[in-house]
Amino acid sequence: MHSTLLHTTIAAAKAAGEIIREHWRQPRAVRHKGRIDLVTQTDAAVEDFLKERLDAILPGVGFMGEESARSPIPEGDCWIVDPLDGTTNFVHGIPFVAVSIALWREGATRLAVVALPMLDECFYAERGQGAHCNGRPLHVSGITRCEQSLVATGFPYDIDAHKDRILGWLGAVLPRCQGVRRCGAAAADLAYVAAGRYEAFYEAGLKPWDMAAGWLLVEEAGGRVTNILGEAPRFGDVILASNGHVHQEMLDVLKGE
């Protein structure tokens, strides 16, 4: 039985997704936060909407949104929100975009919702209650070997600082797995691991709003999330999320073993 809190958060995520859908065919007002890091009026509109909506759900709880965060580390209990994960996809009309909402309490995500409005999917979880998508239970895949695995990754916006390492990982992973995908929205990648569509996902440079919700989805679907040393991840670490079965093999590949 899902809590009222989860139901109201799902409703907020879907309402935020409707803003993205309304803006989908409108001209994009785009500005640059960095050389390739984009932000649109839609990012801001969705974040403003969610800040108000989530405060009404849990008055007084903090809010950490990608477009307004003062720090890359959560400060106490708060909502962690990416209003439009996959902004570059949005600008180019590619439907891999997500609304990501996590409730962070006592140093861990307790509730997570990842809505993919252009694909009509909503993934959600509460700690200890399993993960679901559109009312169906989610389970990670049962694949046990990397050579049978579809692996996802992403590239940070400060690509120049990570280029050699990223190319090294790709050179190691590509020959060892069935294929590599890069959809450009970490929240969606993590949701797809939870749904058993990918066996693993790794990426450097993720911020809390990129991974806080998807992290819980993977764990509640039976998967595993660590840094590439196999330890409990902290925000800022290179993370590896998997179905659990291929986790150690993926760690070995990423570490060059």
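Any read-out appearing in this document is the output of simple, stated calculations on the displayed coordinates, not a laboratory observation. Treat the numbers as computed from the prediction; the structure is a model and nothing was measured. Note: ideal-geometry Cβ built from the backbone for every residue, glycine included; neighbour counts use all protein chains shown.
What the table below lists for this structure:
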quantity: Distance in nm between pseudo-label sites at Arg21 and Arg70 (7 Å out along the Cβ direction from Cα); calculated: 3.7 nm
quantity: Prolate/oblate/rounded call for segment 4-137, Cα gyration tensor, a/c under 1.5 rounded; calculated: oblate
quantity: Formal net charge of residues neighbouring Met64 (Cβ-Cβ distance under 13 Å; K, R +1; D, E -1); calculated: -4
quantity: Shape of segment 146-254, Cα gyration tensor, a/c cut at 1.5; calculated: rounded
quantity: Residue-wise HN-Hα coupling along segment 116-127, computed from phi with Karplus coefficients 6.51, -1.76, 1.60 (Hz; x: Gly, Pro); calculated: 10, x, 7, 10, 6, 10, 9, 9, 7, 7, 10, 4
quantity: Dipole of segment 110-257, positive direction: furthest Cα of Leu138, Tyr192, Pro156, with charges on the beta-carbon; calculated: Leu138
quantity: Surface/4 of the Cα convex hull for the chain, nm²; calculated: 12.7 nm²
quantity: Pairwise FRET efficiency - Arg145 versus Leu5, Cβ, R0 = 35 Å, nearest 0.05; calculated: 0.35
quantity: Built amide H within the under 5 Å cut-off of Gly65, gap 5+; calculated: Val81
quantity: Relative packing of 166-176, 235-245, 204-214, which averages over residues the other C-beta atoms within 10 Å, highest first; calculated: 204-214, 235-245, 166-176
